[in-house]
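Here is the structure we will look at.
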Amino acid sequence: MGFWDAYFRSLKPLEVEEPIDVWVHRPPAYVLARVLLPTPVSPNLVTIGSILLGCAAGVAIFSGFRWHLATAGLLIFSSAVLDCCDGQLARLRKSSSAFGRMLDGVADLVVSTVVAGGGAWLILNKFREPTWVFGVALVLTVTTILTSSFHTTMYDHFKNLFLRMTHPSYREGEDLEVAESRFRAQRPEMSFAVGLVWRIYFFYMRSQAGYADKFDPTAKHLIAAAPEFKPGNAEIYRKYAGAPMRLWRNFFGFGSLVFGLAVSIGLDVTEYYLLFRLVLLNAVFYGYLRPAQRRASSRALAEIRAAG
């Protein structure tokens, strides 16, 4: 089997994969995963490495050494590669676990918080005077960070829904009730570090569930209407949700966010990336994607129910 054939077999379905991951982050991640395959290095250890690189990028941003921003950009990119590598290594070993997926989500939250915070610091340092300019910059920066977290959270939510509805072998993500049951079963033997991961994970899950219900109230009824995979239901859902998913994966995923931060921080032009996300992506997110996703869910649910 050639390199690219084997590489594409290591990916999730391309219907939900971010192009920036497929063509930029995942190829070097796949090479690293193949190197690590015969070693005792676990996917969870790779995830921890991604967190450490992301935190190192934050340190570089706040440092004053020469080329510190270029170094930070390289570290952010390397963190994203490891973030892709852990899942590919797990799939190559056929050793995916619920805890590994949970740790991967926690890593995304920690790295994005550190890196976005560093980017905000760079912007606010550029616009310190006069006071009113600093105030405007602060409001715009906080708004961009908040709405960007909505972008990636909703992409993750609808990606998981798309996989559950259209691919019988993929069950990414889990319901909050299932996670809480798993937590109660493991709690008596849980270490402090694992407990900390759980607390961060629950914060992410509850935030995601609450915002998803507001973003698209109909989506949660799709799983109840089609609890088991059926090819007919898959085609119905793909027919309506395929177009929104193409937009989700092209612009609103974690890979796109981190790549944009790596480039803009490395080149010290973070304020332009802020404007791109604040103005253009939010216009698409709220003006087109939210109503399009709601229509897709409503129409798919009605047709699935009608089909029995």
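Some notes on this structure:
- Plainly put, segment 166-308 has a radius of gyration that is 1.04 times its Kirkwood radius, both from alpha-carbon atoms, as the Rg/Rh ratio.
- Couplings 3J(HN,Hα) for segment 180-196, derived from phi with the Karplus relation 6.51 cos²θ - 1.76 cosθ + 1.60 (θ = phi - 60°), are 5, 5, 5, 5, 4, 5, 8, 4, x, 10, 7, 7, 4, 5, 5, x, 5 Hz, where x marks Gly and Pro.
- 25 Å Cα-Cα reach of K126 towards lysines, excluding residues that sit fewer than 8 places from it in its own chain: none
- Derived from the Cα gyration tensor, the three semi-axes of the equivalent ellipsoid of segment 72-195 are 34, 17, 17 Å, largest first.
- Computed over Cα pairs, the Kirkwood radius of segment 230-308 leads via Stokes-Einstein (0.890 mPa s, 25 °C) to a diffusion coefficient of 170 µm² per second.
- The loop-placed chymotrypsin sites (Phe, Trp or Tyr not before Pro) in segment 1-69, going by DSSP, that have at most 10 neighbouring Cβ atoms within 10 Å of their Cβ come out as F65.
- Among 135-144, 40-49, sorting by the average number of other beta carbon atoms lying within 10 angstrom of each residue, highest first, gives 40-49, 135-144.
- Principal axes of segment 3-307: Cα extent on each, largest first, Å: 62, 48, 45
- Estimated purely from DSSP H runs of n ≥ 4, each contributing -39500 (n - 2.57), the mean residue ellipticity at 222 nm for the chain is -25000 deg cm²/dmol once divided by its residues.
- Each peptide in 199-207, 240-248 gets a packing score, the mean of other Cβ atoms within 10 Å over its residues, and the list from highest to lowest is 240-248, 199-207.
- Residues in segment 29-46 carry Karplus couplings, in order, of 5, 5, 4, 5, 4, 5, 5, 7, 3, x, 9, x, 5, 8, x, 5, 5, 5 Hz; the curve used is 6.51 cos²θ - 1.76 cosθ + 1.60 with θ = phi - 60°, and Gly or Pro positions show x.
- Highest-fluctuation residue, R66, R101, R26 considered, GNM on the chain with Cα pairs under 10 Å: R66
Coordinate-derived values only; no laboratory data. Remember, predicted model here, so these are calculated numbers, not experimental data. Positions of Cβ are generated from backbone atoms using ideal geometry, with glycine treated the same way; all protein chains shown enter the neighbour counts.
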